[in-house]
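Remarks on the structure that follows.
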């Protein structure tokens, strides 16, 4: 899947999972750019970005491929780091909730 359309994300940016909340906020696992992009309703630009450079610290992702969003957090499948991480919505660091 590629991120294309009206969002201000590079057309060549390969994306994994996409999650849309009840209030129409869109969360995108932007795999190639090692980040999660959050787009608010009625917007064409990202309102927040989690991650940027590939890595294995709790502030970094390495090719995230899927995500799930709850009222309190964002769970991200980070396979190249062999883990699932959770970001509380008001935090800048994640917590590793599962590793292999």
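Every number in this text was worked out from the coordinates using simple rules, so none of it is lab data. Please read all numbers here as calculations on a predicted model, not as lab measurements. Positions of Cβ are generated from backbone atoms using ideal geometry, with glycine treated the same way; all protein chains shown enter the neighbour counts.
Which of the residues that make up segment 55-71 are outside any strand (DSSP E or B) and under 15 Å from residue 20 (Cα atoms)? Within segment 55-71, 70, 71 meet the criteria. Just to be sure, is residue 31 over 15 Å from residue 74 (Cα atoms) and surrounded by 13 or more Cβ atoms within 10 Å (Cβ to Cβ)? The answer is yes for residue 31. Taken over segment 69-80, the residue count meeting the criterion of being more than 19 Å from residue 98 (Cα to Cα) and in contact (Cβ under 8 Å) with a residue 40 or more places away in the chain is 0.
Among the residues of segment 26-54, those identified as assigned to a loop (DSSP other than H, G, I, E, B) and touching a residue at least 24 places away in the same chain (Cβ under 8 Å) are 31, 32, 34, 44, 45, 46. Taking segment 47-68 as the range and being surrounded by 20 or more Cβ atoms within 10 Å (Cβ to Cβ) and over 16 Å from residue 99 (Cα atoms) as the test, the residues that pass are 50, 51.
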